[in-house]
Amino acid sequence: MVVLGIDIGGSGIKGALVDSLTGEMLTERHRIPTPPSRKPKEMAIVVNELVQHFNHKGPIGVGFPTVIKNGYCKSPGNLHKKWLGLNVQELFAEATGLPVTVINDADAAGYATMNYGIGKGKLGLVIMITIGTGLGSGAFLDGELIPNFELGQIPYKKFKKIESWASAAAKEREELSYEKWGKRFNTFLGLVELLVSPDLIILGGGTSKKFNQFKQCITIGTPVIPAELRNEAGIIGAASAAMHHAPKDFVKE
């Protein structure tokens, strides 16, 4: 089944057509900047622009950068406060006229990594951390998703959430070297290790491409490895999630 996978981030909204059975991206990804307002209406327009760009007529899977429960946004995260309590799935379905499945973006990235990438076959508690505007996290126990495992929301010192201090956005905002930022990120991973004692941590998001520049800062006992799918994981995972929810009429494009 061909599915449009969309990965929504604080700075960009990316999409590509995906074979949801194999996890193969069938097109180059197309990126549109996230509207500065980060409000629902404006972002729904961008989602529809991606649909039009690919001339897509089938199901859509969307990775969304905050907690999603039964299609509803339970926290605005790094987006506008108008998202809180909104049915994101319904909003995007109305904007596109197509069936839409929305899941947490880190869950989507983790789903792709655990089904098609380096996490395939890994047992125990595996935590996927996506490093971007925030710090997303997905948790898998023996390959099964534990949804909305948002470890980036942990309060830290004067910060309401540690991602404000240790995300890629914080690195860029404060113009930190990879060494200085890597020490912050290691502090975050130390808290993750303390709280949930994972067997493996997999890093995704754009910053995971630079793993060699900060891996010397990672001193926790838990093994930490970069994801092979990296920036594509959110798109592939969102598309794969949509496969399980698509109406029968949309099984083939």
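The values are calculated or read from the model by the stated rules, or taken from the named source; none is laboratory data. Please read these numbers as outputs of a predicted model, since none were measured by experiment. Note that each Cβ is placed from the backbone with ideal geometry, even for glycine, and that neighbours are counted across all protein chains shown. We work out accessible area using only protein heavy atoms, side chains counted, and drop any ligands, DNA or RNA first. Shrake-Rupley method; radii C 1.70, N 1.55, O 1.52, S 1.80 Å.
Please name which of G119, A168, Y72 has its Cα lying farthest along the dipole of the range 43-173 towards the positive end, using unit charges on Cβ (Lys, Arg +1; Asp, Glu -1) and the Cα centre as origin.
About the Cα centre, the residue reaching furthest to the positive side is A168.
Using mean Cβ contacts within 10 Å as the protection proxy, how do 27-39, 94-106 order, highest first?
Descending mean neighbour count gives 94-106, 27-39.
For the range 1-138, rounded, prolate or oblate, judged on the Cα gyration tensor with a ≥ b ≥ c (square roots of eigenvalues), a/c < 1.5 rounded, else prolate if a/b > b/c?
Oblate, since a/c reaches 1.5 and b/c is not below a/b.
Mind scanning K14/K171; K81/K120; K14/K120; K82/K183 and naming the pairs with a C-alpha gap bigger than 30 Å?
K81/K120; K82/K183
Tell me which aspartates and glutamates have Cα within less than 18 Å of K39's Cα, excluding those fewer than 8 residues away on the same chain?
Within the straight-line cut-off, K39 pairs with D7, E49, E90, E94, D105.
Can you work out the accessible area per residue across the chain, with the rest of the protein chains kept in place, probe 1.4 Å, in square angstrom?
Computed with neighbouring chains in place, this is 46 Å² per residue.
How much of the accessible area of the chain, in percent, comes from carbon and sulfur atoms when a 1.4 Å probe is used?
Numbers: 5910 of 11600 Å².
Ligands and nucleic acids excluded, carbon and sulfur give 51 percent.
Using the Karplus equation 6.51 cos²θ - 1.76 cosθ + 1.60 (θ = phi - 60°), what ³J(HN,Hα) coupling, rounded to whole Hz, does each residue of the range 57-73 give in order, writing x for Gly and Pro?
10, x, x, 10, x, 10, x, 10, x, 6, 5, 10, 10, 6, x, 9, 7
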